[in-house]
Structure formats: C-alpha cells, structure tokens
Amino acid sequence: MSGRRRVYVVTQLSPAAPSAVFELLADGAGWSRWAAPLISRSWWEREGTPPPGGVGAVRRVGRPPLISREEIVEYLPARRHAYRIRSALLPIRDYLATVDLAPVDGGTEIVWQGSFVPLVPGTGALLAGVLKFFIARLARRLARAAAAGPQPGPAATPPATA
C-alpha cells in the first residue's frame, strides 16, 4: 500500500518577463544550460504540439544515472508549463508538476508546484522536503537565467549508446 498524495510549492521571483522564463522552461533540450550542475544532461526524446516542447513532448533531464522522463501535459506560453514524470529512479508515482508564471512589477512570479504519491509508506514528508529543496534551487537558477538573457552554447545531446 502506498501513502497519500503529497504536495510541495516553491515560489521564486525573476526580473525577467514571463515570456523569457517560459522560453527556458519549454526548451527541454536546453535545461542543462541553465540548470547545471543540478541537471547536466537534457534532450528531447519526442517532440510535442507545437514542436518541439508542446503537449505530448517527452524530455529527458537529470544527472547520470538519475535521468528522468518527463511528459509535457500543459503548454500555455508565458503562463503555464506542466509535466508528469513518466519514469525516474525515485520511490514515487503519479508525479505532476505545474509551473505557473504571473507578471509582477516588471518581472515574473514563478510558482512551481509538484504532487506525487510515495511508494514507501512513511516517506512522503521526507520526499516532499527533498523535492522542494531541489526544485527551489532549479527555480532560482531559472529566474537568474531568464534575467540574464539567451543562453550560449549547444544543448546537451543524448548519451551515446553502445
């Protein structure tokens, strides 16, 4: 038996416009540029509608060996980006995250909320705390990168296969 659904919420401000923040979120292949060293690899497994990062797209992000598969389930430019984790080395299921962007005083309020069901009873609060800690750092990096402007360099490529 698994535990009850857990939720965490992270709020971060950025001096960048919502469109600049969304552009980074929606570029799944580019996450390794702005989220490093937390995320060192990022690429598209499948494009969505609209391409490349719209609904139905699957991005792969993480640090080996912890690479997750995330499917984009909502794509509202400059307003909302939502995804489900389809596979990851985490003891959770039914993970859904929404990233809401709202214009505030010349910038953007980023509200990143995640929910999941822990696979191991009694671990929900710990997992929510760990995920919130990680996402808070991602949100800070996202806010700074959006404010800094376009990210130089190529996006990471998928790992080589033998």
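Checking each residue in the stretch 31-65 for being charged (D, E, K, R), in contact with a helix residue (DSSP H, G or I) (Cβ under 7 Å, 6 or more places away or on another chain) and within 22 Å of R80 (Cβ to Cβ) picks out only R59.
Out of all the residues in the stretch 1-35, which are assigned to a loop (DSSP other than H, G, I, E, B) and either among the charged types (D, E, K, R) or at pLDDT 95 or above (or both)?
R4, R5, P15, A16, A17, D27
Just one of the numbered conditions (1) surrounded by 15 or more Cβ atoms within 10 Å (Cβ to Cβ); (2) in contact with a strand residue (DSSP E or B) (Cβ under 8 Å, 6 or more places away or on another chain); (3) under 15 Å from A29 (Cα atoms) is not true of L131; which one? Going through (1) surrounded by 15 or more Cβ atoms within 10 Å (Cβ to Cβ); (2) in contact with a strand residue (DSSP E or B) (Cβ under 8 Å, 6 or more places away or on another chain); (3) under 15 Å from A29 (Cα atoms) one by one, L131 breaks only (3).
Among the residues of the stretch 51-60, those that are in a loop (DSSP other than H, G, I, E, B) and surrounded by 15 or more Cβ atoms within 10 Å (Cβ to Cβ) comprise P52, G53, G54, A57. Close contacts from the stretch 65-90, counting a first residue that is farther than 16 Å from D27 by Cβ and a second that is exposed (fewer than 15 other Cβ atoms within 10 Å of the Cβ) and of a type in the set (S, T, N, Q), with Cβ to Cβ under 8 Å and a gap of 6+ residues or different chains, come to S68/S87; R69/S87.
Checked against the criterion of being exposed (fewer than 14 other Cβ atoms within 10 Å of the Cβ), within 14 Å of A143 (Cβ to Cβ) and in contact with a strand residue (DSSP E or B) (Cβ under 6 Å, 6 or more places away or on another chain), the stretch 85-102 has at least one qualifying residue.
Kindly evaluate R63 against the criterion of being more than 19 Å from W112 (Cα to Cα) and surrounded by fewer than 18 Cβ atoms within 10 Å (Cβ to Cβ). So R63 passes the test.
The values are calculated or read from the model by the stated rules, or taken from the named source; none is laboratory data. These figures come from a predicted structure and were not determined experimentally. So basically every Cβ, Gly included, is an ideal-geometry build from the backbone, and we count neighbours across all protein chains shown.
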